Amino acid sequence: MVPAEIDTVLLPVGTVEAHGSACLGTDNLIPEAIAESIAGRLNALIAPTISYGITKSLYRYPGGFTIKPETFRLYIRDVLDSLANSSFKNVFILNGHGGNNTDLKTLAYEFHRDRKVNIAVLHWWQLCADMTREFFGHVGGHAGTDETAMVQAIDPEQAYEQMHDDDLAYYFRPGADVYPVPGTILLYQEGEGLPNFDLERARQYREKVFQCVGEFAESVLARWRKFDL
């Protein structure tokens, strides 16, 4: 079956941390849902989710888990090597957590260099930023409009509107690094990005995210194959 019929695998990676009025597992729930939505169009298998990642600024809030970056890198690399040893030619890491970005980028390059396997790390909220801005009028933020909408559309019971409080929001300002950040909804411009809990809009947004990520991954895969990589 692998690689004769299926040579591509999707690996969801996230973490467990506070997300305002959305569930602690937000960063795992979203990449898992994206993987399920795009696996068919890529003819790909889905690897089990790596649920614990590098939580920094929100670690001390209840329910937060973190992995040391050096441990995270070694663990992910072992998983990637196992996928390569199973004869997968193409790996898409579907990342749900910004704290993982830098280490995943380094890992992807080193894995590609050492194992000659195609790999792409997709950070869905960044990949879909232009679409999100067009859809909502802003890009949202951690546990903001976009992320909470995704959770609500995937599983409405994991987005708790009754627990929402605008005071949960902290707006980042250049020139300050704060640990822990004083809020569990992390936004970037005053007055923008708070979740709106509109279920129908959330479902529309979810489908646009699935389409956006799916189209990009499909185009990357097609070009790898075009150049016989």
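The values are calculated or read from the model by the stated rules, or taken from the named source; none is laboratory data. Owing to the predicted nature of the structure, the values given are computational and were not obtained by experimental measurement. Cβ sites come from the backbone with ideal geometry, for glycine too, and all protein chains shown count toward neighbours.
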In this structure, does residue 50 turn out to be within 15 Å of residue 122 (Cα to Cα) and either in contact (Cβ under 8 Å) with a residue 60 or more places away in the chain or not aliphatic (A, V, I, L, M) (or both)?
no
Scan of the range 162-182 for residues that are in a strand (DSSP E or B) and either closer than 14 Å to residue 22 by Cα or at pLDDT below 95 (or both), ordered by number
169
Return the total of residues in the range 51-94 being touching a helix residue (DSSP H, G or I) at 6+ places or on another chain (Cβ under 7 Å) and of a type in the set (Val, Ile, Thr).
5
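Name the one entry in 140, 98 that is of a type in the set (Gly, Ala, Ser) and surrounded by 21 or more Cβ atoms within 10 Å (Cβ to Cβ). Steps first, please.
On the way: 98 fails: surrounded by 21 or more Cβ atoms within 10 Å (Cβ to Cβ).
Answer to the selection: 140.
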Which number in (1) closer than 24 Å to residue 21 by Cβ; (2) surrounded by 20 or more Cβ atoms within 10 Å (Cβ to Cβ) marks the one condition that residue 107 misses?
(1)
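Kindly provide the set of residues from the range 5-35 that are assigned to a loop (DSSP other than H, G, I, E, B) and either surrounded by fewer than 24 Cβ atoms within 10 Å (Cβ to Cβ) or not acidic (Asp, Glu) (or both), ordered by number. Write out each step before concluding.
First, the residues of the range 5-35 that are assigned to a loop (DSSP other than H, G, I, E, B): 5-7, 14-18, 20-21, 23-25.
Across the range 5-35, the qualifying residues are 5, 6, 7, 14, 15, 16, 18, 20, 21, 23, 24, 25.
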Quick count over the range 183-229, residues being surrounded by 11 or more Cβ atoms within 10 Å (Cβ to Cβ), in a loop (DSSP other than H, G, I, E, B) and not β-branched (Val, Ile, Thr), is 11
Out of (1) touching a residue at least 40 places away in the same chain (Cβ under 8 Å); (2) more than 18 Å from the chain's Cα centre (by Cα), the one residue 149 does not meet is (2)
